[in-house]
Amino acid sequence: MTKPETRYQKYLARKRQKQEKKTTQTKPGKAGSMASQIALAASAPIHECLVPANLFERGIGNLVFSRSLPDGRMALAMFLLDVFCLGVKNTFFAIVARDEYDRRLRSWREAESLQRIDPTCLRKLVEGGVVYARELGFNPHADYVVVHQIFGDVEAAACPSHFEYGHAGKPFYISGPHETATQVRTIVDQLQRRLGPGNFEYLVLAQ
């Protein structure tokens with residue numbers, strides 16, 4: 001990359017790090033309980049689906065998928081999606097009161113401009129990111145296998161949009177604020193083995 005491009009990518013990378021720090025972590029514990037909650041919620045009416053307007057510029061962002069439950073509460077699923085390289089880096093699921101749902105959305109909107117997207121396209125976007133990352137040798141967040149069931153019968157194939165992953169035709173790994181030096185080295189080494197020198201870009205920021 002040229003020097004201006006490198007400076008711009010560092011600027012975007014710092015914004016990514018701030019976003020990842022703000023992302024709510026899925027609390028460890030009762031995976032079975034979460035799975036049962038999602039199974040019950042997966043047939044409820046879809047409330048809204050949101051995606052960052054500049055997702056493919058920054059390379060990472062929170063995608064929101066929510067359903068309205070019969071008792072007035074909201075089933076909220078979030079996917080922290082890295083479209084440049086690593087796919088789904090984090091997931092979150094909770095059943096919350098409507099005011100709590102609105103509070104969380106306000107917090108996320110402070111970090112990024114969210115816009116509505118068709119449910120079929122949100123699913124296609126998330127699953128495409130997972131496929132892209134797996135081709136590079138990276139698995140999605142451990143809770144993804146459970147949380148993605150919130151999509152229910154939404155058909156990704158019904159989305160007419162086409163999504164291009166990577167950056168400028170190549171995977172582009174940008175280190176996150178929660179990644180250790182060892183994790184960063186492991187990711188870069190994996191890209192080296194899978195793709196070879198010159199076939200990907202990476203940017204490691206000081207923690």
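The values are calculated or read from the model by the stated rules, or taken from the named source; none is laboratory data. These figures come from a predicted structure and were not determined experimentally. Note: ideal-geometry Cβ built from the backbone for every residue, glycine included; neighbour counts use all protein chains shown. The protein model used for the area step is the full one, side chains on, heavy atoms only, and it has no ligands, DNA or RNA in it. Shrake-Rupley method; radii C 1.70, N 1.55, O 1.52, S 1.80 Å.
Taking every pair of distinct Cα atoms and averaging 1/r, then inverting, what Kirkwood hydrodynamic radius in Å comes out for the stretch 117-206? Provide the component values of the computation, followed by the final result.
Details: mean 1/r = 0.0676 Å⁻¹.
Final number for the Kirkwood radius of the stretch 117-206 is 14.8 Å.
Rounded, prolate or oblate, given the Cα gyration tensor of the stretch 28-93, with a/c below 1.5 counting as rounded? Numbers along the way, then the final one.
Numbers: a/c = 3.49, a/b = 1.60, b/c = 2.18.
Because a/c hits 1.5 or more and a/b fails to exceed b/c, the stretch 28-93 counts as oblate.
For an R0 of 30 angstrom, estimate the FRET efficiency from the Cβ-Cβ distance between ALA158 and ALA39 and round to the nearest 0.05. Write out the running numbers ahead of the final one.
Details: r = 22 Å, r/R0 = 0.74.
Calculated transfer efficiency: 0.85.
Keeping every protein chain in place, order LYS89, LYS124 by accessible area at 1.4 Å, biggest value first, i.e. largest first.
On the way: LYS89 45, LYS124 65 Å².
The ranking, largest first, comes out as LYS124, LYS89.
Return the whole-Å distance between the Cα centroid of the stretch 129-207 and the Cα centroid of the stretch 37-63.
17 Å
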